[in-house]
Every structure is written in structure tokens, then in C-alpha cells.
Amino acid sequence: MGVVGCGLMGSGIAEVCARAGYATVIREVNSDLLARGLERVRASLDTAVSRGKLPEAEREAALGRIKGTTSLADFGDCELVIEAATENVEVKTRTFVELDQVCAPHAILASNTSSIPIVRMASATHRADRVLGMHFMNPVPVMPLIEYVRALTTSDETLEVARRFGETLGKRIIVSKDRAGFIVNFLLIPYLCEAVRMLEQGFATREDIDVGMMLGTSYPMGPLTLLDFVGLDTTLFIADILFDEFKDPRFAAPTLLRQMVIANYLGRKTGRGFYNYERGEKPPSR
Ligand code: CAA
């Protein structure tokens, strides 16, 4: 297994692969980011052990299966590489061109993109039939789903091999065509934008919007809490891609969301979003 990118998603993907028994190489652009990513994996494994989800002995075994690198050249032996680099089409396409050069001809290349059409990356390689989308959900070790994206060029065999692999991670697989938003974000992004519009219009308080969906429809967290969790910048980025693609007002980002991103109120990662975590505010919980 190879994983490109050791951020929030890449480190989670490497963790679930290593926990499932796969020798996993993970690459970051420099050793500082790599060390931080590997630390994230260790911390998540510690949580899994403390929650009784992973036997103590398995923690070291899983860590022992992960090898960090700063060079894509170390992916030469991988059967499958999942790219979880920054959500930028140039960066991703360049990564696929390089992977195509270093990986064995039969290796499958996947992207964890949440929004960029897979055909863009597939077409940059000489193995467009062996490229697909594998969109994991955040937090990767906890969420039981992977959304697969079949590009125009993806072969039946690639999809089948990838499906069997995903099931060995203990995840449920759904398959979408290669259209912006796929299945999950096509439904989730208008819902999140609507919650922001509701707050912007002063229709209800942030707590009542969150509690309404949490207790009224059994969502694990309300939409504004989820926005803080996913990142307002990530949500805005996906909303803009969806709006560009479909020109449908359902996907138009609310002004409040855009302004909060400009102000760096990105959610948990910057200490402030719809809730101010720096000041110790806690979103409503069950
Ligand atoms: N490894 C394994 N299991 C872990 C773990 C880890 N590192 N950390 C936590 N867990 C387990 C816990 O033991 C617990 O299991 P049980 O329910 O069996 O007790 C479970 O995961 C939940 O953990 P917590 O008790 O710590 O937290 P919680 O109950 O408050 O749930 C949450 C936290 C899972 C984040 C939950 O609030 C949730 O599901 N929120 C919604 C998340 C969501 O919607 N994600 C998708 C975002 S959209 C996306 O990702 C796509 C995109 O492109 C934007």
C-alpha cells in the first residue's frame, strides 16, 4: 500500500490500512510534516486502544507496518496507492504523473479527492483504466464508509479489486459516477449551506439549529458543529466546485461562510468557527 499525503485524511487512511495488516508506505513533502502525520497516527492508535477498539499488542504491530518517506520513488513495490494530497487539481495531476512513472504497470492508483473529477487524474497517466476515486470520510478510523468513484476510463476489474480491498478494511463501499460532489457531498453541501443561511438570516440560534438536527433527525452532530469539524474552508472549496459545475443556487456558498473563511474562522483547526473553541465554547451534544 502507498499513501500520498500524511495530513488528516492521509494519516487516517494509512492507519486503517496498517490496522488491516497491509505494509504501508506514506509520503509527505518534508520530514517535519511527515513527523507530525506519523504522530497523528500514533495518537489515534492510542485512542483506539484506550477505547477498547484495538488490542494493545496490535498498536505496535500496526505502527511497525507503516514506513514514512519523503520520496514517491519508494512506491515502486506498491500494489495500490491512494493519493490524499492537498485538494488542488495541479498538485494532484502532477502526483499522478509521477506515480505513473514509479509504480509497477499493474498497480492501481486512487484519489481521495472529495470534488475533483477522477478522469482529470486518470487521463494524466498511461493507465487510465486502473485509476479510480476512493473517498474516505472524516474521521477515517471511525467512519464505516468509503465512496468509490468510477471514472469514464475505470475498468470493471479495477473496481472489483478495489472493492475487495476496501472490504478488508472493514468499510462499506458505495459507488458513484464521476460527477462533482459524488453521492455524499452532493447531498451534504446544500444541507450545510442551508444551515448557514438560516443562521445568517437570524431565523434561529446556532444551538437550536444544531440541536434541531441532532435530536430531531438523530444526526451525530448538528450542521454548524459538523462545519466546524470538517473545516469551513474545505466546505467552501467544495461548494464552489459544485456551483461552478452545476450553476445551481443550492450550491451557492452563503456570504457568511465566505466571510468567515476570509477571517480565518475555519472551525476546530483554527480554534474558532461557529463556536469559539479558544474561549472554551462547546457545541451542543446529546
Ligand atoms: N479508532 C477507532 N475507533 C475510535 C477512534 C479511533 N481512533 N476514536 C474514536 N473511536 C470510536 C469510539 O470508541 C466510539 O465508539 P463506540 O460508539 O463504539 O463507543 C466512536 O468511535 C465515537 O467516538 P467518540 O465517543 O470519541 O466520539 P463521538 O461519539 O462524539 O463521535 C464522531 C464523534 C464520530 C466524530 C461523531 O460525532 C460523528 O460521526 N460525527 C459526524 C462525522 C461526519 O459526518 N463525518 C463526515 C464528514 S463529511 C466528509 O468527511 C466528506 C467530505 O468530503 C467533506
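Worth pointing out:
- Residues in the stretch 136-165 that are among the polar types (S, T, N, Q) and within 19 Å of THR113 (Cβ to Cβ): ASN138, THR153, THR154, THR158.
- Verdict on LEU242 being within 30 Å of ASP178 (Cβ to Cβ), within 15 Å of the ligand (Cβ to nearest atom) and out of contact with any His (no Cβ under 8 Å at 6 or more places or on another chain): yes
Per-residue answers, yes or no, for (1) within 11 Å of the ligand (Cβ to nearest atom); (2) on the phi < 0 side of the Ramachandran plot; (3) in contact with a Phe, Trp or Tyr (Cβ under 9 Å, 6 or more places away or on another chain):
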| site | (1), (2), (3) |
| --- | --- |
| THR168 | no, yes, yes |
| ILE174 | no, yes, yes |
| MET221 | yes, yes, yes |
| LEU257 | no, yes, no |
| GLY267 | no, no, yes |
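- In the stretch 22-61, the qualifying residues are those that are loosely packed, with under 13 Cβ neighbours inside 10 Å and charged (D, E, K, R), and the one that is nearest to the ligand (Cβ to nearest atom) is ARG51.
- Against the test of being small (Gly, Ala, Ser), closer than 26 Å to TYR148 by Cα and away from the ligand (no atom under 14 Å from the Cβ), the options GLY64, GLY68 yield a single qualifying residue, GLY68.
- For the stretch 245-266, taking the residues that are in contact (Cβ under 8 Å) with a residue 40 or more places away in the chain and assigned to a helix (DSSP H, G or I), the one that is surrounded by the fewest Cβ atoms within 10 Å (Cβ to Cβ) is identified as THR255.
- The set of residues from the stretch 131-170 being open to solvent by less than 20 Å² (accessible area, probe 1.4 Å), under 25 Å from LEU8 (Cβ atoms) and part of a loop (DSSP other than H, G, I, E, B) comprises VAL140, ALA151.
- Within the stretch 267-286, if we keep just the residues that are in contact with a helix residue (DSSP H, G or I) (Cβ under 7 Å, 6 or more places away or on another chain) and outside any helix (DSSP H, G or I), the residue that is most open to solvent (accessible area, probe 1.4 Å) turns out to be ARG286.
- When the residues of the stretch 111-130 are filtered to those that are outside any loop (DSSP other than H, G, I, E, B) and away from the ligand (no atom under 15 Å from the Cβ), the one that is surrounded by the fewest Cβ atoms within 10 Å (Cβ to Cβ) is ASP129.
- Residue list for the stretch 13-37, restricted to those being in contact with a helix residue (DSSP H, G or I) (Cβ under 6 Å, 6 or more places away or on another chain) and farther than 15 Å from ALA85 by Cβ: GLU15, ALA18, ARG19, ALA20, ALA23, THR24
- Number of the condition not met by PHE203 [criteria: (1) open to solvent by 60 Å² or more (accessible area, probe 1.4 Å); (2) part of a helix (DSSP H, G or I); (3) among the aromatic types (Phe, Trp, Tyr)]: (2)
- Extreme residue, farthest from the ligand (Cβ to nearest atom), among residues of the stretch 88-110 that are open to solvent by less than 40 Å² (accessible area, probe 1.4 Å) and in a loop (DSSP other than H, G, I, E, B): ALA104
- Candidates LEU188, LEU232 - the one that is within 16 Å of the ligand (Cβ to nearest atom), open to solvent by less than 40 Å² (accessible area, probe 1.4 Å) and within 17 Å of the chain's Cα centre (by Cα): LEU232
The values are calculated or read from the model by the stated rules, or taken from the named source; none is laboratory data. Treat the numbers as computed from the prediction; the structure is a model and nothing was measured. Every residue, glycine among them, receives a Cβ derived from its backbone with ideal geometry; neighbour counts consider all protein chains shown. Areas reflect the complete protein model, heavy atoms only, side chains present, ligands, DNA and RNA absent. Shrake-Rupley method; radii C 1.70, N 1.55, O 1.52, S 1.80 Å.
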